[in-house]
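Notes to accompany the following structure.
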Amino acid sequence: MTTPSPAEQVLKTVFGYDRFRGHQLAIINHLLAGHDALVLMPTGGGKSLCYQIPSLLRDGVGIVISPLIALMQDQVTALLQLGVKAAFLNSALSFEQARLVEQQLLANELDLLYIAPERLTAARTSALFSQLKIALFAIDEAHCVSQWGHDFRADYLQLSLLHEQYPNIPRIALTATADEKTQQEIVLRLGLTHAQLFRSGFDRPNIRYRIVQKQNAKQQLLTFIEAEHLGDAGIVYCLSRKKVDDTSAWLTAQGINALPYHAGMSNELRSRYQQRFLMEEGLVMVATIAFGMGIDKPNVRFVAHLDLPKSVEAYYQETGRAGRDGLPANAWMVYGLQDVITLRRMLSESPADEAHKRIEFHKLDAMLALCEQVHCRRQALLSYFGDQLDQACGNCDTCLEPVQTWDGTLAAQQALSCVYRSGQRFGVHYLIDILLGKSNERIIKLEHDRLSTFGIGKALDEQQWHSVFRQLVARGLVAVDFERFGALQLTDSCRPVLRGEQALMLRKDSKQEKSKRSKGTKTLTGQRTNSLWDALRNKRKDIAEVQGVPPYVIFHDATLMAMLEAKPKNRQQMARISGVGARKLELYADAFLAVINEQ
Ligand code: ADP
Ligand code: ZN
């Protein structure tokens, strides 16, 4: 056996981990050698270690620029637990507290300093930094420099000064945003042309992707939570504030521990709820996308979407908040025709210029294609980001329960000609009534019972017709006229189908989402209840409460799982558990050993 390198030693003794993942070691060595790096790694990939370990090993303090106060606090809390000397400087500190941190810095007592970008440019900070030995600069969430992205932070543009003022201090920029354009912008704006790029694959294999047909969304959500996630932490995304409030109240009434979160709430209430989400176990946050960045909670076990995200990028980012700890997690979404209509309407009514709108429509189309996907969803998702997955993943709904297709050419022709013959003035419900030959008052009044398409669609039921129309709209064969209350109209691309020149294979929707647990889904421990698991979690909760920190900074779920499996009997065995470093061993081993030995 070769002697471990200093980086490997720190990994084991400080963090309690046995080996590096992916590019971690290469990145660390690159920084230790004094070079710059640009790191693209998915959420949960382990970006923080890439700058934390070099900061510990290099002389001086590592300066981490981070866009959100909550993120900084979380990281510093976790580092202090590991016995790493870390602090932050941001607007949450009083003048006195900030001065204390500055004194620690000047006394060379800190290994890591987290700082807000706007603070970095202040004259006081420059004066302070000029007196310090700096190990490196880490720019976290580096995509915040991108003006096209949704997380743009003007202060990030100032970060180019690091390059100018400290040309000899290594810099590392990190992001989980994969796309080429953002990457180029980061390089340009941060002056990283000479930085080495470390790009990891963007797959999140522990996340199971599922998109089901929307019937009764709230009830479907409840069934999903009750079957697979009772007592787990999760995030439920909704489009509107009202829906957030309604859904959260309804879940609470059904006995689920849920809280709302949206931009219409006061800052104070929002930060209180966010704090509760971090500190408590098993809380479900029902939120608009206002809730997102800065949620570093590693054990979010599911992300549910009750409304369709506007793009695959947004979907991937939001679902990516599940399972940062690498343990199994679910990304679950309900989706239906109304979603398509609502989002298309929002886009067409937005005040953006035409070129911009066109891009947004394309993005929505890509999202719809993902929803209607009949092959492996993960392959489709990754290929959107330019990553190849050679084989179907086996951990998404289409892999677990293969989707059947059917020849929908005739049905599509019937639907399209029904749209045409009734004058392209009606919405989907009415069109289905005509196809099914319902002689209701309106149909008779408008004499649509005389149309050649009246009653020609009896081979399918109402739900199946909904499915046909949804797919026609999703594929752009039919457009929705928002000025006329959602009337459907033919588009040019439907002609080949109408003329019989092009066959149309459609997705066969499963009749009703089964309330039974989907194949292969397990709770974390593989069983509904496990007394040792509960006892370990309770111990963690007690310790966390006394210290006023989130339970996961004491030990991650993965570490408790490892204890559950290995059942260490003494300190020596406990030290081998992944996630138990020297300091945590000293602080907590006895308490957890007692729990294990009691069983
Ligand atoms: P990111 O910032 O890329 O989303 P983090 O740095 O928060 O990811 O790491 C995600 C999780 O993986 C954390 O719980 C971290 O402790 C854990 N982790 C990182 N590197 C390793 C490793 N080499 N071995 C085991 N766990 C790791
Ligand atoms: Zn798959």
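The values are calculated or read from the model by the stated rules, or taken from the named source; none is laboratory data. Source: prediction; values computed, not measured. Ideal geometry is used to build each Cβ from the backbone, glycine not excepted, and the neighbour counts take in all protein chains shown. With ligands, DNA and RNA removed, areas are computed over all heavy atoms of the protein, side chains included. Shrake-Rupley method; radii C 1.70, N 1.55, O 1.52, S 1.80 Å.
Couple of notes before you dig in:
- The lone exception for residue 365 - which of (1) touching a residue at least 60 places away in the same chain (Cβ under 8 Å); (2) away from ligand 1 (no atom under 16 Å from the Cβ); (3) within 21 Å of the chain's Cα centre (by Cα); (4) closer than 20 Å to residue 204 by Cβ it fails: (4)
- All of 349, 372 fail the test of being touching a residue at least 24 places away in the same chain (Cβ under 8 Å) and surrounded by fewer than 15 Cβ atoms within 10 Å (Cβ to Cβ), apart from 349.
Conditions (1) acidic (Asp, Glu); (2) touching a Leu at 6+ places or on another chain (Cβ under 6 Å); (3) open to solvent by less than 80 Å² (accessible area, probe 1.4 Å); (4) at pLDDT 95 or above, marked per residue:
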{"position": "379", "(1), (2), (3), (4)": "no, yes, yes, yes"}
{"position": "387", "(1), (2), (3), (4)": "yes, no, yes, no"}
{"position": "404", "(1), (2), (3), (4)": "no, no, no, no"}
{"position": "416", "(1), (2), (3), (4)": "no, yes, yes, yes"}
{"position": "429", "(1), (2), (3), (4)": "no, no, no, no"}
{"position": "432", "(1), (2), (3), (4)": "no, no, yes, yes"}
{"position": "436", "(1), (2), (3), (4)": "no, no, yes, yes"}
{"position": "440", "(1), (2), (3), (4)": "no, no, yes, no"}
{"position": "462", "(1), (2), (3), (4)": "yes, no, no, no"}
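- If you go through the stretch 481-503 and pick out every residue that is free of Cβ contacts under 8 Å to residues at least 60 places away in the same chain and either under 17 Å from residue 347 (Cα atoms) or open to solvent by less than 70 Å² (accessible area, probe 1.4 Å) (or both), you end up with 7.
- Each residue in the stretch 118-149 was checked for being surrounded by 16 or more Cβ atoms within 10 Å (Cβ to Cβ), over 12 Å from residue 65 (Cα atoms) and at pLDDT below 90, and 2 pass.
Yes or no, residue by residue, for (1) in the same structural domain as residue 186 (by TED's automatic domain parsing); (2) under 30 Å from residue 185 (Cα atoms); (3) within 16 Å of ligand 1 (Cβ to nearest atom):
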| residue | (1), (2), (3) |
| --- | --- |
| 78 | yes, no, yes |
| 93 | yes, no, no |
| 100 | yes, no, no |
| 103 | yes, no, no |
| 109 | yes, no, no |
| 116 | yes, yes, no |
| 124 | yes, yes, no |
| 130 | yes, yes, no |
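- Residue within the stretch 297-305 that is on the phi > 0 side of the Ramachandran plot, at pLDDT 90 or above and not assigned by TED's automatic domain parsing to the domain that holds residue 473 present: no
- Residues of the stretch 554-565 that are open to solvent by 60 Å² or more (accessible area, probe 1.4 Å) and over 18 Å from residue 19 (Cα atoms): 565 alone.
- The set of residues in the stretch 13-29 being under 29 Å from the mean Cα position of the chain (by Cα) and closer than 18 Å to residue 56 by Cα consists of 14, 15, 16, 17, 18, 19, 20, 24, 25, 26, 27, 28.
- Unique residue being more than 16 Å from ligand 1 (Cβ to nearest atom) and touching a Lys or Arg at 6+ places or on another chain (Cβ under 8 Å) when the list is 382, 410, 416, 370: 370
- The single condition among (1) more than 23 Å from residue 144 (Cα to Cα); (2) in contact with a helix residue (DSSP H, G or I) (Cβ under 8 Å, 6 or more places away or on another chain) that residue 297 does not satisfy is (1).
- Candidates 63, 53 - the one that is part of a helix (DSSP H, G or I) and open to solvent by less than 40 Å² (accessible area, probe 1.4 Å): 53
- Count - residues of the stretch 194-223 that are in contact with a Phe, Trp or Tyr (Cβ under 6 Å, 6 or more places away or on another chain), of a type in the set (A, V, I, L, M, F, W, C) and modelled with pLDDT of 95 or more: 1
- Taken as a whole, the structure places residue 445 among residues that are away from ligand 1 (no atom under 16 Å from the Cβ), over 27 Å from residue 494 (Cα atoms) and open to solvent by 60 Å² or more (accessible area, probe 1.4 Å).
- The one condition in (1) at pLDDT below 95; (2) surrounded by 15 or more Cβ atoms within 10 Å (Cβ to Cβ); (3) out of contact with any Leu (no Cβ under 9 Å at 6 or more places or on another chain) that residue 471 fails to fulfil: (3)
- Counted as qualifying within the stretch 240-345 are the helices (runs of 4 or more DSSP H) with 3 or more residues that are touching a residue at least 24 places away in the same chain (Cβ under 8 Å) and open to solvent by less than 10 Å² (accessible area, probe 1.4 Å), namely 241-253, 312-319.
- Restricting 574, 561 to residues that are at pLDDT below 95 and aliphatic (A, V, I, L, M) narrows the list to 561.
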